[in-house]
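These notes are about the structure you will find just below.
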Amino acid sequence: MVGLGLFLSEKFDTPVMLRITTRVAHSQGFVEKGEPQPRELRPYTRNPEKYLMLPAFARGRRAFIEERLAGLREYSETAAVNRIEWRDRAVGVITSGISYQYVREALPDASVLKLGFTWPLPEKLVRSFSEGVKRLLVVEELEPFLEEQIKALGLEVSGKAHIPSRGELNPGIVAGKMIEAGILEQREATAAAAVPEGAPAVPARPPVMCPGCPHRGVFYVLRRLKLNVTGDIGCYTLGGLPPLEAMDCCICMGASIGTAHGAEKADPAWAGRSVAVIGDSTFLHSGLTGLLNVVYNKGSSTVLILDNSTTAMTGHQQHPGTGCTLMGEPAPAVDLEALVRALGVRRVRVVDPRDLAGVTAAVREELAVREPSVIICRQPCALLERQYAPAPRVLAEKCTGCRVCLGLGCPAIALKDNKAVVDTGVCTGCGLCIQVCKVGALTKGGADHA
């Protein structure tokens with residue numbers, strides 16, 4: 001599909017979007033590797049009528065767009081990714097993406113029109129398929145994208161009358177809705193959605209920060225201080241989930257600082273009880289303008305830059321602050337402190353996010369002043385720095401089962417027989433649990449406790 005997208009982009013001089021869903025992104029399978037195809041670099045041709053979109057030029061480009069769409073419509077009719085699978089013609093299903101797999105499981109005997117090229121819609125192919133079946137359905141997740149286009153062709157089709165418009169689908173849901181639609185009998189649907197006999201229940205695994213994550217302590221402090229926290233895109237967005245629950249919003253990449261600034265302007269009281277939180281890579285990507293705006297417009301937002309020296313969420317890619325290019329070659333590393341000062345922020349400090357008392361003091365001090373301030377919480381990602389300290393010891397006789405340590409949301413800590421237990425195979429020895437334990441039941445472990 002990626003290759004097809006690149007081909008279409010070149011052939012029709014158009015942007016192409018390859019849409020994947022959560023279920024596809026979380027799937028795995030064998031990949032057939034192909035040989036790299038030679039590409040000849042075309043010489044640059046000056047063409048302001050195409051690349052300089054002033055109103056006078058834009059009107060002319062509209063005609064090109066119409067011609068391009070006509071070509072794409074024609075191509076979609078014969079595209080190999082759009083295919084009809086004839087089976088029982090009592091029911092025909094039009095579907096695409098992961099929904100096709102669900103349809104094949106729930107309705108193995110139904111005829112299917114699988115669309116891999118969904119816009120422009122292959123109208124002739126859709127009409128041909130419609131004429132070949134007695135009843136036409138559309139199975140798609142969320143919005144009725146295909147259904148509305150097909151109805152606009154004047155064809156009788158049903159989709160969201162049966163298929164939910166919220167949440168993900170699965171074979172069981174599709175089968176159940178086909179019963180309601182009178183297409184499947186109960187026994188057929190039960191077979192399609194059956195769980196293998198004796199299969200254990202799948203335990204819930206809510207996403208949490210990794211053991212030893214340097215962000216954990218920051219959000220623990222922010223929750224304890226009961227602050228309003230405008231968040232951003234990264235691993236640290238998990239700080240909004242239980243048990244930390246220390247993030248109020250996450251709008252888009254780079255929006256944390258602008259959101260905090262806007263809230264402060266709308267309600268000045270926010271200045272003393274709110275912070276913006278943003279990662280180092282996100283800040284360098286799209287946080288600079290927001291901070292500059294705070295300075296320029298005389299705001300007093302307190303910004304926490306969570307500097308873990310990588311782009312952790314998407315696979316530990318390098319960024320301008322790491323000292324390497326994406327290819328691993330040496331590159332100049334941005335000095336965050338100097339950069340922030342160059343934007344006009346006078347109050348800049350660096351703290352260790354694993355020092356809860358230090359983070360608490362820094363946040364309180366910066367919230368008390370009425371000017372922009374930046375706190376850089378610097379500690380490498382736990383998955384990058386693998387030299388861990390020994391796991392803490394649990395003094396069972398002192399543990400009261402108060403569950404304060406569980407409030408960190410660390411996967412290495414659990415409660416057994418109302419006593420804290422530490423999984424030494426998971427623990428990185430970050431020491432946060434020792435700091436939060438009020439009764440001294442968690443103490444520093446020795447080398448024999450690693």
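No lab work stands behind these numbers, since they all come straight from the coordinates. The structure displayed is predicted, hence computed values, not measured ones. Here Cβ is always computed from backbone atoms with ideal geometry, including for glycine, and neighbour counts include all displayed protein chains.
The alpha-carbon of Lys50 sits under 13 angstrom from the alpha-carbons of these aspartates and glutamates, leaving out residues fewer than 8 places away in its chain: Asp13.
Summing charges over all other residues whose Cβ lies under 9 Å from the Cβ of Cys430, with Lys and Arg as +1 and Asp and Glu as -1, gives +2. Reducing the range 140-161 and the range 195-221 to their Cα centroids gives an inter-centroid distance of 38 Å.
Here are labelled values, [x] 1.03; [y] 0.98; [z] 1.05, and one is the computed Rg/Rh (Cα atoms, Kirkwood Rh) for what I pasted. Which one? The value matching this structure is [z]. Which links in Lys226/Lys438; Lys124/Lys160; Lys226/Lys444; Lys160/Lys226; Lys11/Lys177; Lys416/Lys444 stretch past 31 Å when you go from one Cα to the other? Among Lys226/Lys438; Lys124/Lys160; Lys226/Lys444; Lys160/Lys226; Lys11/Lys177; Lys416/Lys444, the Cα-Cα distance tops 31 Å for Lys160/Lys226; Lys11/Lys177. Placing unit charges on the Cβ atoms only, positive for Lys and Arg and negative for Asp and Glu, gives the chain a dipole magnitude near 920 debye about its Cα centre.
Listed by chain and number, the lysines placed with their C-alpha closer than 24 angstrom to that of Lys298 are Lys265; residues fewer than eight positions away on the same chain are left out. Summing charges over neighbours of Thr322, with a neighbour being any other residue whose Cβ is under 13 Å away from its Cβ, gives -3 when K and R count +1 and D and E count -1. From its DSSP helices (H runs of at least four residues, each -39,500 (n - 2.57)), the chain gives a residue-normalised ellipticity at 222 nm of -9500 deg cm²/dmol.
Within the chain, the whole DSSP H helices whose Cα atoms reach 18 Å or more along their own axis and whose mean Kyte-Doolittle score is at least -1.0 are 55-78. Bridging of Lys33 to aspartates and glutamates at a Cα separation below 17 Å is possible for none of them, once same-chain residues fewer than 8 apart are set aside. Net charge of the neighbourhood of Pro144, taken over other residues with C-beta under 15 Å away and scored Lys/Arg +1, Asp/Glu -1, is -2. For the range 82-193, what does the alpha-carbon gyration tensor say about shape, rounded, prolate or oblate, given a ≥ b ≥ c as the root eigenvalues, a/c under 1.5 as rounded, and a/b over b/c as prolate? Taking the square roots of the gyration eigenvalues as a ≥ b ≥ c, the range 82-193 is prolate.
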